[in-house]
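Colleague: Quick one: structure below, then a few questions.
The values are calculated or read from the model by the stated rules, or taken from the named source; none is laboratory data. For clarity, every value in this text was computed on a predicted model and none was experimentally measured. Here Cβ is always computed from backbone atoms with ideal geometry, including for glycine, and neighbour counts include all displayed protein chains.
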Amino acid sequence: MSRAVRTKDDLIHQTTSAASTRVQQFLADIKSRAAANPAAVLAIVAGLAWRLARHPPISSIFVGLRIAGLLKADPTSGPSPVTVRATELANSASDLAGKVVEEAQQRSIQARRSATETLEQFYATASVGTSQAREAGRAALSKTASVANDMSSTVVRVARDTDTRDNYLLGAAALAIGAVAVIGYRRREN
């Protein structure tokens with residue numbers, strides 16, 4: 001068993017040294033040929049430079065530079081200042097977004113209350129107008145009362161229809177959020 005291991009090690013060593021010797025001979029041969037014919041070397045270098053100038057491998061260069069930068073980076077040195085600043089900005093943006101959402105919710109609640117009160121007042125006014133028109137008994141007022149009654153029932157139906165009302169309130173909330181964002185942005189600029 002030990003003889004087989006030694007034989008294997010000897011073969012690996014012989015193969016490695018033979019390959020190393022051949023590579024060194026090849027490189028020495030290329031160097032001597034280049035020294036004998038510098039015009040050929042110059043033509044090859046000019047051709048490669050022209051190729052790289054016309055079709056530069058920009059993305060490959062950037063990837064290579066970044067990989068080299070990662071390999072040179074010391075993992076014990078901690079995060080870079082760019083990473084720290086980006087984290088701080090992300091946290092402040094998150095805080096600002098939370099405040100905007102909270103304020104928008106408050107404004108949405110206020111807008112919903114205001115819209116409900118306005119609709120209730122309108123309904124009460126429409127109901128009073130409808131009952132007065134009915135009491136008059138005239139044909140023209142009767143027709144007006146019918147239209148007013150239809151309007152009041154439509155308003156009541158819209159006020160009670162939560163989907164439609166919520167859509168209107170959602171639109172008002174979106175406008176309020178936009179206004180808050182613009183005000184916050186302007187304050188931050190100043």
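Colleague: Given the conditions (1) touching a helix residue (DSSP H, G or I) at 6+ places or on another chain (Cβ under 7 Å); (2) at pLDDT 80 or above; (3) not aromatic (Phe, Trp, Tyr), and given that residue 91 satisfies all but one, which numbered condition is not satisfied?
Modeller: Condition (1) is where residue 91 drops out.
Colleague: Against the conditions (1) closer than 25 Å to residue 179 by Cα; (2) surrounded by fewer than 10 Cβ atoms within 10 Å (Cβ to Cβ); (3) not β-branched (Val, Ile, Thr), where does residue 81 fall short? Just the number, please.
Modeller: That leaves (1) as the condition not met.
Colleague: Moving on to the next point. Between 11, 119, 27, which is within 28 Å of residue 179 (Cα to Cα) and surrounded by 10 or more Cβ atoms within 10 Å (Cβ to Cβ)?
Modeller: After applying the criteria, what remains is 119.
Colleague: Still on this structure: Among the listed residues 85, 66, identify the single one that is part of a helix (DSSP H, G or I) and outside the structural domain of residue 184 (by TED's automatic domain parsing).
Modeller: Going through 85, 66 in turn, the sole match is 66.
Colleague: Next up: So which of 73, 86, 53 ends up being of a type in the set (A, V, I, L, M), modelled with pLDDT of 75 or more, farther than 30 Å from residue 34 by Cα and within 38 Å of the chain's Cα centre (by Cα)? So that I can check it myself, show each step before the final result.
Modeller: On the way: 73 fails: modelled with pLDDT of 75 or more; 53 fails: farther than 30 Å from residue 34 by Cα.
None of the others qualify; the one that does is 86.
Colleague: Of the residues 110, 132, which single one is modelled with pLDDT of 80 or more and either over 23 Å from residue 188 (Cα atoms) or assigned by TED's automatic domain parsing to the domain that holds residue 183 (or both)?
Modeller: Among 110, 132, only 110 is modelled with pLDDT of 80 or more and either over 23 Å from residue 188 (Cα atoms) or assigned by TED's automatic domain parsing to the domain that holds residue 183 (or both).
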